[in-house]
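Visitor: I have a structure I would like to understand better, so I am pasting it below and will then ask my questions one at a time.
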Amino acid sequence: MTYINIKPVGDRILLQPVEESESIKGGIIIPDTAKEKPQNAKVMALGSGKKDKNGQTVPFEVKVGDVVLMSKYGGTEVKLDGTKYVLAREDDILGIITK
């Protein structure tokens, strides 16, 4: 298991985008700048959780290791040791991908 030096706070979640393999359409290699931002991501770390109006912590609906579908433009991209991550709020997660 890889150790990550960042701990999300509140209802934030650290996600690692699942990159698609380089695709070739009609013999043309699509450059990174033209590829769409990946929407699938693996949950790497969870914050402490959101508080409800009574001050109680609301549990996350996702857990570390889940693969999720995230909002296309949600979250903030960060780079740690050359690896891209996204810090997003739980509201930016659209669903859990099941097999």
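Visitor: Among the residues of region 16-47, which ones are more than 14 Å from Ile97 (Cα to Cα) and modelled with pLDDT of 90 or more?
Guide: Within region 16-47, Gln16, Met44, Ala45, Leu46, Gly47 qualify.
Visitor: Starting from region 68-91, keep only residues that are β-branched (Val, Ile, Thr), then list their pairs with residues that are surrounded by 12 or more Cβ atoms within 10 Å (Cβ to Cβ) and in a loop (DSSP other than H, G, I, E, B) whose Cβ atoms are within a distance under 7 Å, requiring at least 6 positions of separation or different chains.
Guide: Taking only residues 6 or more apart or on different chains, the pairs are Val68/Val62; Val68/Ile97; Val86/Gly75.
Visitor: Find the residue count for region 50-86, including only residues that are surrounded by 11 or more Cβ atoms within 10 Å (Cβ to Cβ), within 16 Å of the chain's Cα centre (by Cα) and either closer than 12 Å to Pro17 by Cβ or at pLDDT below 90 (or both).
Guide: The number of residues fulfilling the criteria is 15.
The values are calculated or read from the model by the stated rules, or taken from the named source; none is laboratory data. Here the structure is a predicted model, which means the values were calculated and not measured. Neighbour counts are summed over all protein chains in view; Cβ atoms, including those assigned to glycine, are modelled from backbone coordinates with ideal geometry.
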